[in-house]
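Reviewing the structure listed below.
The values are calculated or read from the model by the stated rules, or taken from the named source; none is laboratory data. Predicted, not measured: the structure shown is a model, and the values here were computed from it. For neighbour counting, all protein chains shown are included, and Cβ atoms are generated from backbone atoms with ideal geometry for every residue, glycine included.
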Amino acid sequence: MQNWSDPRTTTAYDPAVSVGVPRAARDAGLRSYMLSVYNTMASGVLLTGIVALVLAQIGVAQTLVENPILRLVAAFSPLIMLLVVSFRFEKMSAASLHTFFWAFATLMGVSMSVIPLIFDAGSIAVTFFATAVAFLALSLWGYTTKKDLSGFGTFLIMGVVGLLVLMIANLFIQSGTLALMISAVGVLLFAGLTAYDTQKIKSMYDYVAGTDMMGKVVIMGALTLYLDFINMFQFLLSFLGNRE
């Protein structure tokens, strides 16, 4: 979700809203804002995991595996939803974005319900734990570092676009070596995006604090970090996971 509207690029929000605010109050507000982002993101990951496990247990995932058309629909529906919200972000309310986020997390759970049929439970658990630790470390670094990471943004996003092209090409080539390379590069790209996106979300606080935009930015920030986490998990699982 790198294309959602950044309030820093508009004239509707005035960074001067933070001028004169005591530092302690500003820091408390920033912590509350970031906690809202992380809590929403974590809740979305939890919802996705629950949906995926339940559908795998009741046999829906097996139906997706056996029906290529349904599997393609489940795989590409989240992408279509992201495209829609990217274009309609400005017109959507915070409440509608909340609804979208939960619907998206649920649909991702449907798409990911085939994972327990492909990888053993131990690999899934270990990879999830490793992803969570890496995500926390990278996000903390992105939050605390004084280094400006904005220069890496274009490079990382271009890398993701290139990765998508390779993934589509490998659907036809079916190369195991290329698949491993894609997974390794994917882990690195989304690791970098985790730090970059965290810093970007943090930097937005001064531009949306005290405005109606706050709720929308919290949801979109949570969605961005959610996508970083989910993608890093899936690429790492493809790279290191033990298949059934």
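Worth a mention:
- Residue in region 214-225 that is over 18 Å from residue 44 (Cβ atoms), at pLDDT below 95, out of contact with any Asp or Glu (no Cβ under 9 Å at 6 or more places or on another chain) and not small (Gly, Ala, Ser) present: yes
- Hits in region 143-158 - residues which are free of Cβ contacts under 8 Å to residues at least 60 places away in the same chain and not β-branched (Val, Ile, Thr): 146, 147, 148, 149, 150, 151, 152, 155, 156, 158
- Residue ID - surrounded by the fewest Cβ atoms within 10 Å (Cβ to Cβ), chosen from residues in region 160-179 that are under 18 Å from the mean Cα position of the chain (by Cα) and among the β-branched types (Val, Ile, Thr): 161
- Of the residues making up region 86-94, not a single one is under 16 Å from the mean Cα position of the chain (by Cα), free of Cβ contacts under 8 Å to residues at least 40 places away in the same chain, surrounded by fewer than 17 Cβ atoms within 10 Å (Cβ to Cβ) and part of a helix (DSSP H, G or I).
- Among (1) in contact with a helix residue (DSSP H, G or I) (Cβ under 9 Å, 6 or more places away or on another chain); (2) on the phi < 0 side of the Ramachandran plot, the one test that residue 176 misses: (1)
- Single residue of region 147-159 satisfying the filter (at pLDDT 90 or above, in a helix (DSSP H, G or I) and surrounded by 15 or more Cβ atoms within 10 Å (Cβ to Cβ)) that is farthest from the chain's Cα centre (by Cα): 159
- Residue count for region 95-123, restricted to those that are among the β-branched types (Val, Ile, Thr) and not in a helix (DSSP H, G or I): 1
- Of residues in region 180-196 being surrounded by fewer than 16 Cβ atoms within 10 Å (Cβ to Cβ) and farther than 20 Å from residue 142 by Cβ, the one modelled with the lowest pLDDT: 180
- Taking region 194-244 as the range and being within 18 Å of residue 82 (Cβ to Cβ), touching a helix residue (DSSP H, G or I) at 6+ places or on another chain (Cβ under 6 Å) and charged (D, E, K, R) as the test, the residues that pass are 197, 216, 228.
- Condition broken by residue 112, with the remaining ones in (1) closer than 24 Å to residue 34 by Cβ; (2) surrounded by 19 or more Cβ atoms within 10 Å (Cβ to Cβ); (3) modelled with pLDDT under 95 satisfied: (1)
- Pairing residues of region 225-241 that are closer than 15 Å to residue 75 by Cβ with residues that are among the polar types (S, T, N, Q) and surrounded by 22 or more Cβ atoms within 10 Å (Cβ to Cβ), at Cβ distances under 8 Å and at least 6 apart in sequence or on separate chains, gives 230/48.
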